[in-house]
Each structure stands twice: as C-alpha cells, then as structure tokens.
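Scroll down for the structure; my scribbles are underneath it.
The values are calculated or read from the model by the stated rules, or taken from the named source; none is laboratory data. Just so you know, these numbers come straight off a predicted model, no measurement behind them. Cβ placement follows ideal geometry from the backbone for every residue including glycine, while neighbour counts extend to all protein chains displayed.
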Amino acid sequence: MCPGQDVKLPIRFNSTTKKGRMKLITRDTDYALRALCFSAKSKAKTVSAAELTRELSIPRPFLRKILQILNRKGILRSLKGRGGGFSLARSAKNIFLTDIMRIFQGKLKLNECFLNKHICPHRPKCPLRKKIIRVESYVLKELSSISIASLCKEVKIGL
C-alpha cells in the first residue's frame, strides 16, 4: 500500500482494538505473560489455575485455555493430581516475549500489505514500505531481547 492510494481498509479485530487502533499485544498474550511472570516469581514449585485466576483476576475459562496452549507448546509443564498445577518448563530467562507473541498472535509482521491477497504494483519502489521494514526490524530486535525473567524484575507479584 503506497501513500496516496484511495482504499478503504477493513478493520481486523485480531490486530486492532474496537476503535481501530493497532494492538501490539493481544489479550491472550497479555494473560499468558501475566501468568508466566506469576509462575516465575512464585516460591511454590507449581501454581494452580485457581490460584492464578484468583491472584491475576483473569477469567478462568480464558486462563485455562491459555495454560493448556502454553503446556502444549512446551512453555509450561502441567502436573496433575493433588498439589498439581503448572510450572515453567524452562528457565524464565530462556522464554522470550516474542515466543509468547508468536504462539498467540502468529508471525510478527508490521509491514503486511493492507490488501492482503493483492500485492501493490508499487511495492518494490514504495518509500513507506522500506521505512516500515526498518521499523519492524528494530521493533522485533527489541522485543526479542525481553525475557520473562526481565519482565518479572519490573512487575509486582499481584500484577
């Protein structure tokens, strides 16, 4: 999409808010990050879904779905039975913000063509696209450096 083209853009609720503003972090990613930080900072070996729901004020159905996904993707380990719950499957310093974003949001791209299926004929020469690619590269580099451990240093346990 080049400046000056007159095209109405569809609002995508998976990447925008109801007001149409771009969202970098979705609700699922936010909930996952909060649960991971709580788990990382917890003194207990495992944290139950009930405790996470209570402490983080995340609706239980959303949280259970998120925890199951994180377990399937190898970010969390689940322990069943009495005293069971969830624990980090690897060190918090080895789980990165971009890992969680990819799980819940897919490939991280800022420079997707607005028309999706129709490639702009001016794409190779578009000055805006070139600038957006540089911004995207910088943003992804910065996001890739943020670990759960580094987030936990800045977050209070009740989130």
With respect to Thr17, determine if the residue is modelled with pLDDT of 85 or more and either of a type in the set (Val, Ile, Thr) or surrounded by 12 or more Cβ atoms within 10 Å (Cβ to Cβ) (or both). no
Could you tell me which residue of the stretch 52-76 is nearest to Arg90 (Cα to Cα), considering only residues that are buried (at least 16 other Cβ atoms within 10 Å of the Cβ) and touching a strand residue (DSSP E or B) at 6+ places or on another chain (Cβ under 7 Å)? Leu76
Of (1) in contact (Cβ under 8 Å) with a residue 60 or more places away in the chain; (2) farther than 17 Å from Phe96 by Cβ, Leu36 satisfies every one except (2)
Go through the stretch 77-101 and give me each residue that's crowded, with 17+ Cβ neighbours inside 10 Å and not in a helix (DSSP H, G or I). Gly85, Phe86, Leu88, Ile95, Phe96
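In this structure, does Ala40 turn out to be buried (at least 20 other Cβ atoms within 10 Å of the Cβ) and either in contact with a helix residue (DSSP H, G or I) (Cβ under 6 Å, 6 or more places away or on another chain) or farther than 19 Å from Ala92 by Cβ (or both)? Give the derivation first.
Values: buried (at least 20 other Cβ atoms within 10 Å of the Cβ): yes; either in contact with a helix residue (DSSP H, G or I) (Cβ under 6 Å, 6 or more places away or on another chain) or farther than 19 Å from Ala92 by Cβ (or both): yes.
In short, yes.
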